[in-house]
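**Q** Here it is, the structure, as structure tokens.
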Amino acid sequence: MLRRRWLAAALVGTVASAFGQSWLTPAERPEPLPEEEAFRLDALARDRRTLLVRVAMPPNYYLYRDKTRFRILEPVGATLRPPRWPTAVAHHDEHFGQVYVYFDRVEVVLPVRGLGRARQIELEVQFQGCLEDVLCYPLMRRQLQIELPPG
Amino acid sequence: MSLDRGIVLILIAALLGGLGGYWASRATFQVDRYSTPPDAARKPGDPAPELRARARDGREVALAELRGRRVLINFWATWCPPCVEELPLLDRVRAELGGAELEVIAVAVEDPAAVEQFLARHPLGLPVWIIDPAQSSEPSLAFGNARRVLPYSVLIERDGRLLKQKAGAFDEPTLRRWLAPDGP
């Protein structure tokens with residue numbers, strides 16, 4: 001019985017600690033994350049005609065859909081078709097009009113053509129994102145190496 | 001242990017946990033010990049670097065001209081929503097507290113035409129300095145902006161030393177604390 005009460009007290013304390021942090025105004029929250037930790041990118045080839053790129057973000061960080069660009073660096077000659085994005089969060093901003101963003105995590109499908117006999121793709125992703133109501137990161141670029149399944 | 005004592009224990013844990021979470025977060029706010037690029041390692045107490053820009057009337061301006069006044073420099077850009085949300089606050093508090101002893105300057109590192117277009121729609125009373133990114137790469141880095149994020153603000157003491165650094169938008173109480181005659 002005593003152990004249960006201690007467990008309950010510990011649980012309530014932990015929840016209250018998290019709640020205590022949520023009292024902070026945006027400007028009081030801890031330092032922003034380095035961009036590599038704020039926007040985690042990975043990618044894979046679903047098959048030789050389809051790539052999947054995933055962006056994962058901590059709470060309150062978001063990615064702009066329309067500021068994201070993809071480009072194949074290798075193999076030369078391979079081309080990307082328009083990306084297929086899932087439904088985004090539409091946000092009307094007084095200064096920027098209608099913008100579309102993603103929180104938490106997004107997976108975008110990239111149709112690709114002209115890979116020839118390549119075994120690997122080097123994909124460049126250019127993107128921009130913010131920590132809501134606090135700050136924005138400048139234009140970021142990442143290069144991703146993606147192994148391709150055999151043709 | 002009676003039921004009452006159990007409830008008291010849980011309430012104490014909740015109170016301590018809540019306060020602990022709040023203060024732990026506050027304590028980490030000013031700490032910046034991530035992978036800081038060497039040129040972004042400036043910290044409070046260090047001399048502020050020089051900053052050269054163009055004023056809106058086309059004059060060449062430099063931070064050194066403001067030596068003897070306390071100066072808040074706010075780096076911003078038109079594409080950054082928290083920056084443009086913050087500008088009216090900076091403008092208002094500067095109008096109230098600024099003067100011979102204190103100046104607030106908004107430094108935009110962006111295509112000058114984009115900045116002017118923005119300011120035509122959203123007029124500001126505070127001085128705006130513009131740095132063309134084609135001519136200078138991220139100048140806030142030299143002021144300690146390790147994350148290269150915007151907005152980024154620094155408070156510079158009358159003798160040219162860095163007094164405070166902040167990544168992210170101000171709330172009004174924090175800004176007033178920074179700019180108070182006896183602050184921060």
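**Q** Condition test on A:Leu144, is it more than 17 Å from A:Glu35 (Cα to Cα), more than 14 Å from chain B (Cβ to nearest Cβ) and of a type in the set (A, V, I, L, M)? Talk me through it step by step, then tell me what you get.
**A** On the way: more than 17 Å from A:Glu35 (Cα to Cα): no; more than 14 Å from chain B (Cβ to nearest Cβ): yes; of a type in the set (A, V, I, L, M): yes.
Here the answer is no, as A:Leu144 does not meet what is asked.
**Q** On to the next question. Can you tell me which residue is farthest from B:Trp76 (Cα to Cα) among those in the stretch B:144-156 that are more than 9 Å from chain A (Cβ to nearest Cβ) and modelled with pLDDT of 95 or more?
**A** Let us first name the residues in the stretch B:144-156 that are more than 9 Å from chain A (Cβ to nearest Cβ), namely B:144-145, B:153-156.
Those left that are additionally modelled with pLDDT of 95 or more: B:153-156.
Working: B:Ser153: 9, B:Val154: 12, B:Leu155: 15, B:Ile156: 17 Å.
Looking at the filtered set, the residue picked out is B:Ile156.
**Q** So which of B:Val128, B:Val115 is more than 14 Å from chain A (Cβ to nearest Cβ), at pLDDT 95 or above and under 22 Å from A:Val134 (Cα atoms)?
**A** B:Val128
**Q** Among the numbered conditions (1) part of a helix (DSSP H, G or I); (2) touching a residue at least 24 places away in the same chain (Cβ under 8 Å); (3) out of contact with any Cys (no Cβ under 7 Å at 6 or more places or on another chain), tell me where B:Pro82 comes up short.
**A** Among (1) part of a helix (DSSP H, G or I); (2) touching a residue at least 24 places away in the same chain (Cβ under 8 Å); (3) out of contact with any Cys (no Cβ under 7 Å at 6 or more places or on another chain), the lone unmet condition for B:Pro82 is (3).
**Q** When residues of the stretch B:111-131 are filtered for being under 20 Å from the mean Cα position of the chain (by Cα) and more than 17 Å from B:Glu86 (Cα to Cα), how many remain?
**A** 2
**Q** Among the residues of the stretch B:144-163, how many are surrounded by fewer than 17 Cβ atoms within 10 Å (Cβ to Cβ) and either part of a strand (DSSP E or B) or aliphatic (A, V, I, L, M) (or both)?
**A** 1
**Q** Scan the stretch B:133-143 for residues that are away from every other protein chain (no Cβ under 12 Å) and either in contact with a Phe, Trp or Tyr (Cβ under 8 Å, 6 or more places away or on another chain) or assigned to a loop (DSSP other than H, G, I, E, B) (or both) and report the count.
**A** Of the residues in the stretch B:133-143, 5 are away from every other protein chain (no Cβ under 12 Å) and either in contact with a Phe, Trp or Tyr (Cβ under 8 Å, 6 or more places away or on another chain) or assigned to a loop (DSSP other than H, G, I, E, B) (or both).
**Q** Checking A:Glu124 against (1) touching a residue at least 60 places away in the same chain (Cβ under 8 Å); (2) of a type outside the set (A, V, I, L, M); (3) assigned to a strand (DSSP E or B), which single condition isn't satisfied?
**A** (1)
**Q** Taking the stretch B:94-115 on its own, how many of its residues are exposed (fewer than 15 other Cβ atoms within 10 Å of the Cβ) and in a helix (DSSP H, G or I)? So that I can check it myself, show each step before the final result.
**A** First, the residues of the stretch B:94-115 that are exposed (fewer than 15 other Cβ atoms within 10 Å of the Cβ): B:95-96, B:99-101, B:113-114.
Filter once more, keeping what is in a helix (DSSP H, G or I): B:95-96, B:113-114.
The qualifying residues number 4.
**Q** Being touching a Lys or Arg at 6+ places or on another chain (Cβ under 9 Å), at pLDDT 95 or above and hydrophobic (A, V, I, L, M, F, W, C) is the filter; apply it to the stretch A:90-114 and report the residue that is surrounded by the most Cβ atoms within 10 Å (Cβ to Cβ). Spell out how you get there, then give the answer.
**A** To start, the set of residues in the stretch A:90-114 that are touching a Lys or Arg at 6+ places or on another chain (Cβ under 9 Å) comprises A:95, A:99-102, A:105-113.
Those left that are additionally at pLDDT 95 or above: A:100-102, A:105-113.
Then keep just the ones that are hydrophobic (A, V, I, L, M, F, W, C); that gives A:101, A:106, A:108-110, A:112.
Numbers: A:Val101: 20, A:Val106: 19, A:Val108: 20, A:Val109: 14, A:Leu110: 23, A:Val112: 21.
Among residues in the stretch A:90-114 that are touching a Lys or Arg at 6+ places or on another chain (Cβ under 9 Å), at pLDDT 95 or above and hydrophobic (A, V, I, L, M, F, W, C), the one surrounded by the most Cβ atoms within 10 Å (Cβ to Cβ) is A:Leu110.
**Q** Same structure again: Just a yes or no: is a residue in the stretch A:70-89 surrounded by 14 or more Cβ atoms within 10 Å (Cβ to Cβ), in a loop (DSSP other than H, G, I, E, B) and at pLDDT below 95?
**A** The answer is no; no qualifying residue exists.
The values are calculated or read from the model by the stated rules, or taken from the named source; none is laboratory data. Remember, it's a predicted structure, so these values are computed and weren't measured experimentally. When we count neighbours, we look across all protein chains shown, and the Cβ atoms used for this are built from the backbone with ideal geometry, even at glycine.
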